[in-house]
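Taking it in order: structure first as C-alpha cells, then the write-up.
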Number of protein chains: 2
Amino acid sequence: MSRPLTIGEAARASGVSAKMIRHYEALGLLPPAPRRPSGYREYDEADLHRLRFIRRARDLGFTLDGIADLLALWDDRTRASADVKALALAHVAELRRRAEAIAGMIATLERLAATCHGDDRPDCPILEDLAAGRPPPR
Amino acid sequence: MSRPLTIGEAARASGVSAKMIRHYEALGLLPPAPRRPSGYREYDEADLHRLRFIRRARDLGFTLDGIADLLALWDDRTRASADVKALALAHVAELRRRAEAIAGMIATLERLAATCHGDDRPDCPILEDLAAGRPPPR
DNA sequence: CCTTGACCTTCCCACCGTGGGAAGCCCTAC
DNA sequence: GTAGGGCTTCCCACGGTGGGAAGGTCAAGG
C-alpha cells in the first residue's frame with residue numbers, strides 16, 4: 001500500500017518517458033489516470049506493471065498497434081495462449097523480412113565497396129553503380 | 001535529343017513518384033526544374049539519371065541526408081573515391097547495427113514462443129515475460 | 001471550335017513514435 | 001513566503017511518404 005506516484009516517478013520506474021505516458025493514455029493504451037485535485041496524474045503498481053509491459057514490447061519491436069493487441073490479450077484472462085503465440089510469430093516474420101532487406105543492402109554495399117579502391121583517385125564503382133540505376137522494378 | 005518529359009513521365013521512368021520528385025526538389029536534392037509557360041516542370045535525361053541515382057540509394061537504405069552527401073560527391077568530379085567508400089562503409093555499419101538489434105528481438109521472441117504451448121489454455125510465457133518487465137536499463 | 005479526361009499546379013493534412021519547448025499552475029523544503 | 005522543480009496543456013519538429021482538394025492545361029476526337 002504505497003503512496004501513488006507522480007507521472008515523473010512512474011516514468012523513472014518504468015523506463016517510459018512522462019511524455020510517452022501521456023501519449024499512450026491519449027491513444028488508449030493506458031486507462032485514464034486518476035487525478036489529484038490539482039490535476040496531477042497518479043499511478044500505482046498496476047500502472048507501473050502495464051508501463052513496463054509496454055516498454056518491453058516496444059523493445060521487442062512491436063508497433064503501438066501490436067502492443068494494443070498484446071495488451072488486449074493480457075487483459076483477457078481467458079485468452080488462448082495460441083492467440084498470443086500467433087501474434088508473436090507474425091511479428092517475428094515481419095522482423096525477418098526487415099532483417100532480410102537490410103542483409104540485401106549490406107551485401108550490395110559490401111560488394112561495391114570491395115571493388116572501390118578507396119584512394120584519392122576520383123573514379124569509384126560505388127557511384128557508378130548508383131548512377132547506372134538499373135530499370136526500376138516498379 | 002528528345003522532347004522533355006513531364007513530371008509524371010519522369011516518375012514512371014525513374015521509379016520515383018511525382019510527389020517525391022517535387023519534394024526532393026524542395027529539399028534541394030534536385031535542381032529546380034525548368035518550367036513551361038503553363039508552369040509544368042520539364043525533365044531531361046540528366047534529370048532522369050539523377051532521379052534513378054536517388055531511387056537506387058534509397059533502395060540501399062540511405063537517408064535523404066546521406067543521399068545529399070552522395071550526390072555532392074557525384075557532382076564533384078575531383079572527389080576522392082576514398083570519400084565515397086567511407087560514406088558507404090559508415091552506412092554499412094549503421095545497417096549492421098540495425099540488423100543486430102532486429103536479430104536480438106527475433107532471438108528473444110523465438111525463445112519465448114518456443115516455451116509457449118500455443119493451445120487453448122490461457123497461460124502463456126510470452127505475456128508473462130512481457131509483464132515481468134525486468135528493471136529498465138535506462 | 002469545344003468538350004472530355006488525363007495531367008499538371010499548389011496547398012494542407014495524415015501516418016508512426018518521439019522529443020522540444022512555451023505558458024502557466026502546483027508542491028515541497030527552507 | 002519564496003525559490004526550484006515538477007506538473008499541466010498545447011503546438012511544432014523530425015523522416016519519408018501518401019491522400020486529396022481546388023484549380024489550370026494539355027491532347028485527342030467530334
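The values are calculated or read from the model by the stated rules, or taken from the named source; none is laboratory data. What you see is a predicted model, and the numbers here were worked out from it, not measured in a lab. Because the Cβ atoms are built from the backbone with ideal geometry, glycine has one as well, and the counts that use them run over all protein chains shown. Only protein heavy atoms, including side chains, enter the accessible area calculation; ligands, DNA and RNA are left aside. Shrake-Rupley method; radii C 1.70, N 1.55, O 1.52, S 1.80 Å.
For the stretch A:97-110, the set of residues classified as of a type in the set (Lys, Arg) and either modelled with pLDDT under 95 or surrounded by fewer than 14 Cβ atoms within 10 Å (Cβ to Cβ) (or both) consists of A:Arg97 only.
If I ask for residues that are open to solvent by 60 Å² or more (accessible area, probe 1.4 Å) and more than 8 Å from DNA strand C (Cβ to nearest atom), which ones from the stretch B:12-32 would you list? I'd like the intermediate steps shown before the answer.
Applying the first criterion (open to solvent by 60 Å² or more (accessible area, probe 1.4 Å)) to the stretch B:12-32 yields B:12, B:19-20, B:22-23, B:26-27, B:31-32.
Selection gives B:Arg12, B:Met20, B:His23, B:Ala26, B:Leu27, B:Pro31, B:Pro32.
Scanning the stretch B:37-64 for residues that are within 16 Å of DNA strand C (Cβ to nearest atom) and at negative phi turns up B:Pro37, B:Ser38, B:Tyr40, B:Arg41, B:Glu42, B:Tyr43, B:Asp44, B:Asp47, B:Leu48, B:Leu51, B:Thr63, B:Leu64. Looking only at residues of the stretch B:33-89 that are among the small types (Gly, Ala, Ser) and away from DNA strand D (no atom under 12 Å from the Cβ), we find that the one that is surrounded by the fewest Cβ atoms within 10 Å (Cβ to Cβ) is B:Ala46. Residue pairs whose Cβ atoms lie under 7 Å apart, separated by 6 or more positions or on different chains, with the first residue in the stretch A:39-50 and away from every other protein chain (no Cβ under 14 Å) and the second assigned to a loop (DSSP other than H, G, I, E, B) and modelled with pLDDT of 95 or more, are A:Tyr40/A:Thr6; A:Arg41/A:Ala33; A:Glu42/A:Ala33; A:Glu42/A:Pro34; A:Glu42/A:Arg36; A:Tyr43/A:Ala33. One residue stands out in the stretch A:1-11 among those that are away from DNA strand C (no atom under 12 Å from the Cβ) and assigned to a loop (DSSP other than H, G, I, E, B): the one that is nearest to the other protein chains (Cβ to nearest Cβ), namely A:Ser2. The residues on offer are B:Ser81, B:Ser38, and the sole one that is hydroxyl-bearing (Ser, Thr, Tyr) and under 21 Å from B:Leu5 (Cβ atoms) is B:Ser38.
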